[in-house]
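Notes for the one structure printed next.
The values are calculated or read from the model by the stated rules, or taken from the named source; none is laboratory data. From a predicted model like this one, the values you see are computed outputs, not experimental measurements. Here the Cβ positions follow ideal geometry from the backbone for every residue, glycine too, while neighbour counts run over all protein chains shown. Each accessible area value is taken on the protein alone, full model and side chains, heavy atoms only, with ligands, DNA and RNA left out. Shrake-Rupley method; radii C 1.70, N 1.55, O 1.52, S 1.80 Å.
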Amino acid sequence: MGVRKDQGAYLILRSAGRWSDVFRLASPQGAVMGRASANEIVIRTEQASRQHARVSWSADSWILEDLGSRNGTLLNGQPISSPTRLEDSDLIEVAGFAITFARKIEGGAGEPVRSATAASQATDEQITLEMDPSAITDRRRHSSYLFDPTGSARSASEANHGQSSRHLLQLAFALARCDEIEQAVDIVLDCLAAHVPLDTAGAYVWQTRKTRGKSQDIPLAGTRQSGSRSYRRPPEALLASVATEDGEAVLARNVMGDEQLATENSRGELDAESVVMAPARDQRNQLRGVLHVTTTAGTPPLGSNELEFIVATCEIFGESLGNLADRQRLDRSLRQSQKQIKELQDRLGNKVNIVGKSASIGEIVQQIGMAAPTNATVLVRGESGVGKELVAAALHHASDRNAGPLICLNCAALSPTLLESELFGHEKGAFTGATDRKSGKFEAADGGTLMLDEIGEMSPEVQAKFLRVLEGHPFERVGGHEAIKVDVRVVAATNRDLQTMVREGKFRQDLYYRLHVVEIVVPPLRNRGKDCLHLAEYFLAQFNQEMGRRIEGFSDPAKQALLEYSWPGNIRELKNVVERAVVLNTKNRIEVTDLALAPATQSMPASGLTNEPVEMTLAALEQIHIERVLRHTDGNKSRASAILGIERSTLDRKLKRFSAAK
């Protein structure tokens, strides 16, 4: 005889404040609770009588009655002496264990109300229902299969427990090898179908954060069935009760005909006999999915052993889904980073592109190709403006260190004290103004390349410390005592003749030999033939793009002027000349009048004569030339001294002498 729809009710059995079983009251006689194994709900504790209490249908309501037990039955904390009508959410206490009576599943899904009496009288070890709730307490993180250090099972025999543990270990290894969520779902469902006596199983997986926490939006990721019965989605209320932040695994038995715990088949029948819904969470307790397993009438219902195995499967499944989601997120981030790196490399490629077709440039490119894969120190020599820093950048980006930093420092721009601090760093209070600890360029360039321009301007004290680092020794910050060791490749550059400086005692000989492992000499622009025109066209295209201009090229007279000019400032000067011509040009071609070429540094006529009077002292001629160069460099003494081939201090002395003579 079936139960009418308005008679439906549930006994929600709890352990440690969480659902452990849902027993559906589906017959007029209801359910008997007690120690006897023939009871519908078995309570294995000496505090319970063999037949302790009964819940049954009478007239128009469910009734609770005590069956003459030794310790009595409590309803909402009060003992009952006669059959008492049950109301929704009433709390029944039998032998110290709390059971909630609920008209609907939602009504019993809230926080349990367990009295102090019940808490003091019952323990997980004392209470065992038919499906052994003590073994599934807090399924989400304490499955005995995975976390019982003794290796013994409380709800299954040791042999069954060991066999299930082996199956779960195989599952964990199989999921660890997965690359896709779909593959993981198939492995989990195959495992359930092989080791759990089920009729159907379904896996629900959240793919995005937007749908997480909304049960109606959970996509069905895969199904399995052992017979002809097809899988059906569970009622949304049941799915929602599990798919929450604190939702727990639920085992519901005796559910046939209950539309709150099962859905109809194609014939309109509710044929499910038992149901397990279990959440899958990762180690961050983030819900990743839900497993749904059912059996039908005529087959053994799911019990504690099956629930234990399904919950343990969910724990492994949740970790796998979390790892796969993290991997996919990292893959997306890596692809995005790689895309950005490629874009930056493409942009940077324009800046490290060595332009030219002359034999000297071909030789430099060949030298860079041979030296770049090594860790050898490289000395780049050449006049100011020839592109020594460009050669250093090409060496870096063609080496295995290209993923590391490229750090550049001009040694001529700093005093000896500041240069030492910039190179090696300093500790707080090392000198006046050192208010904080600062890392030096060597530390910043760790794993990459350090380019030191104007290495000839380094003081003897700094040279000594620099040499020790080049020889592989650790160094200390200024004012510090901590030994620091770095992996840095050094590329040094200079426009000075270091050999002459060694002979004059201005540069350490041992440091020179250490730097002079590989030497690349960059010729001045005036010695590179038509490379001047190639570079001019290259800079024109670059500035056209940057400024949105459409200048087509240079006129023939302009090209001839570029070829005849001596370029004392080399490539740097050429770039500035082209940039000015693009900025101020209103035509579609650059004419010779658009080129700001300094007359004072034009190449000399073949006869070697100038417009200066012949009867002039050498000192006067020197003064005239120095003043021309200063005008050409707009008063930049460092650049002027580089063009003149003298030290900055020498130029200052000459200018002071010229001033005194006036």
_Within the stretch 49-99, tally of residues that are among the small types (Gly, Ala, Ser) and either touching a Leu at 6+ places or on another chain (Cβ under 8 Å) or under 19 Å from Phe23 (Cα atoms) (or both)_ = 10
*Tell me, which residue of the stretch 294-326 that is touching a residue at least 12 places away in the same chain (Cβ under 8 Å), part of a helix (DSSP H, G or I) and open to solvent by 20 Å² or more (accessible area, probe 1.4 Å) is nearest to Ser274 (Cα to Cα)?*
Glu306
*On the given criteria, is Asp148 surrounded by 13 or more Cβ atoms within 10 Å (Cβ to Cβ) and modelled with pLDDT of 55 or more?*
no
*Looking at the stretch 504-521, is at least one residue at pLDDT 90 or above, open to solvent by less than 70 Å² (accessible area, probe 1.4 Å) and touching a Ser or Thr at 6+ places or on another chain (Cβ under 8 Å)?*
yes
*Select from the stretch 470-511 the residues that are part of a helix (DSSP H, G or I) and in contact (Cβ under 8 Å) with a residue 40 or more places away in the chain and list them in ascending order.*
Leu470, Leu498, Met501, Asp510, Leu511
*Is there any pair with a first residue in the stretch 359-378 that is under 22 Å from Val488 (Cα atoms) and a second that is among the β-branched types (Val, Ile, Thr) and in a helix (DSSP H, G or I) whose Cβ atoms are under 7 Å apart and which are 6 or more apart or on different chains, and what are they?*
Ile368/Val391
*asked:* So if I check each of Arg526, Arg514, which one is touching a residue at least 60 places away in the same chain (Cβ under 8 Å), of a type in the set (D, E, K, R), touching a helix residue (DSSP H, G or I) at 6+ places or on another chain (Cβ under 7 Å) and not in a strand (DSSP E or B)?
replied: Arg514
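Here is a yes/no grid of residues against (1) open to solvent by less than 20 Å² (accessible area, probe 1.4 Å); (2) β-branched (Val, Ile, Thr); (3) at pLDDT 90 or above:
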site	(1), (2), (3)
Ile12	yes, yes, no
Ala16	no, no, no
Val22	yes, yes, no
Val42	yes, yes, no
Glu46	no, no, no
Arg54	no, no, yes
Ser58	no, no, no
Arg70	no, no, yes
*So Asn254 fits all but one of (1) at pLDDT 80 or above; (2) crowded, with 17+ Cβ neighbours inside 10 Å; what number is the exception?*
(1)
